[in-house]
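Quick note: the coordinates plus some simple rules give every number you see, no bench work behind them. Since this is a predicted model, take the numbers as computed values, not measurements. Here the Cβ is made from the backbone with ideal geometry for all residues, glycine too, and neighbour counts use every protein chain on show.
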Amino acid sequence: MKEFSELKNHPFLSELPEEPRILDILSGEGIGGVALSKSLDRRVRLYLLDLREKALEVARRFSREELGEEGEILVHDATRVHEVLKDLDLVLMYGLSTPHFDPWRASLLLASISESLKDDGVLLVEEADRRYWVFYMTGYKDVMAEFKGDEPILSMHKGYDFKRGTFRRAHFSLLRGEIAELEVYFWGVADFLSLMWLFFKEVDLHSLDYRRFILLARRPRRKLRPEDLELPSMLR
């Protein structure tokens, strides 16, 4: 709430209507959407979209407890959000979620988001510069020791996809003896912001702290619509 309170006077947000329609996309348990809604000090119609039903049930309860009314939950693919929602005032993607999308799918995502927004609609994306922090400050490592809470986990490089630019890593739980694989794209701030610029007329950057930013975009161009984009056959 402190972060969003500092952002609410930004020119892109200062002209939001009295009762804005806000979507928290890839919402998880709704932390970002609920915090943004509370910081605006007005009634908000909040939507929460994710593929994880269990997380959305938590988001439903959380929004009711914090806002006094439940956000509307939607189990849906974020790259097809325009199929279920239109005329939104603001879309928020909070939780450092961009690594889930390679550049191809990120293009589909932004096309769909821009189609779901009003002509003066706003997109906010929480982001960190992974090229800087992973490759320059830390250095990409074949094996890393990490922690999920108090649980030690080994993260190991498993492969790289040249067509999509994604790294595949295997995460091994030392306590549970389980392995999970994760495929990520290491975005830089300029990369994702410039991609947003292709779909929106105005973009801006707001610093949250020394690692994290809010990327802002306003006024969808609608030059590349979702129906104009289809993944090339080499990816399908």
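Please report Rg over Rh for the chain, where both radii come from the alpha carbon positions and Rh follows the Kirkwood definition.
Using only Cα positions, Rg/Rh for the chain is 0.97.
Under a crude label model (7 Å from the Cα following the beta-carbon direction), how far is LEU231 from GLU72 in nanometres?
2.9
Apply the Karplus parameterisation 6.51 cos²θ - 1.76 cosθ + 1.60, with θ equal to phi minus 60°, to every residue of segment 113-118 and state each ³J(HN,Hα) to the nearest whole Hz, in sequence, with x for glycine and proline.
Rounded to whole hertz, the list is 4, 5, 6, 7, 8, 5.
Enumerate the lysines that LYS118 could reach by cross-link, defined here as Cα to Cα under 24 Å, with residues fewer than 8 away along the same chain left out.
The reachable lysines, counting only those whose Cα sits under 24 Å from LYS118, are LYS8, LYS38, LYS86, LYS201, LYS223.
Starting from the Cα-Cα distance between ASP119 and PHE162, subtract it from 0.36 nm times their residue separation and give me the gain in nm to one decimal.
Extra length available between ASP119 and PHE162 comes to 11.9 nm.
Using just the Cα positions, wrap segment 131-184 in a convex hull and report its mean projected area in square nanometres, one decimal place.
Averaged projected hull area, Cα only: 4.1 nm².
To one decimal place, what orientation-averaged projected area in nm² is obtained for the convex hull of the Cα set of segment 104-236?
10.1
When the chain is fully extended, how far beyond the present Cα-Cα distance does PHE147 get from ARG80, taking 0.36 nm per residue of separation?
Going from the current span to full extension adds 20.8 nm.
What are the lysines whose alpha-carbon lies under 28 Å from the alpha-carbon of LYS158, with same-chain residues fewer than 8 places away excluded?
Output for LYS158: LYS141, LYS148.
Among ASP191, ASP41, rank each residue by its count of other Cβ atoms within 10 Å, from fewest to most, as a rough exposure measure.
Ascending number of Cβ neighbours within 10 Å: ASP41, ASP191.
Identify which of PHE135, PHE192, PHE213 has the largest mean-square fluctuation in a Gaussian network model of the chain, with springs joining Cα atoms closer than 10 Å.
Checking each option, the largest mean-square fluctuation is seen for PHE135.
Full extension from LEU175 to TRP133: what is 0.36 nm times the residue separation minus their Cα-Cα distance, to one decimal in nm?
Taking 0.36 nm per residue and subtracting the Cα distance, the gain is 12.3 nm.
Mean-square fluctuation check for the chain, GNM, Cα pairs under 10 Å: which of PHE162, PHE200, PHE62 is largest?
PHE162
May I ask you to derive the FRET efficiency for ASN9 and ASP209 from their Cβ-Cβ distance with R0 = 25 Å, giving the value to the nearest 0.05?
0.85
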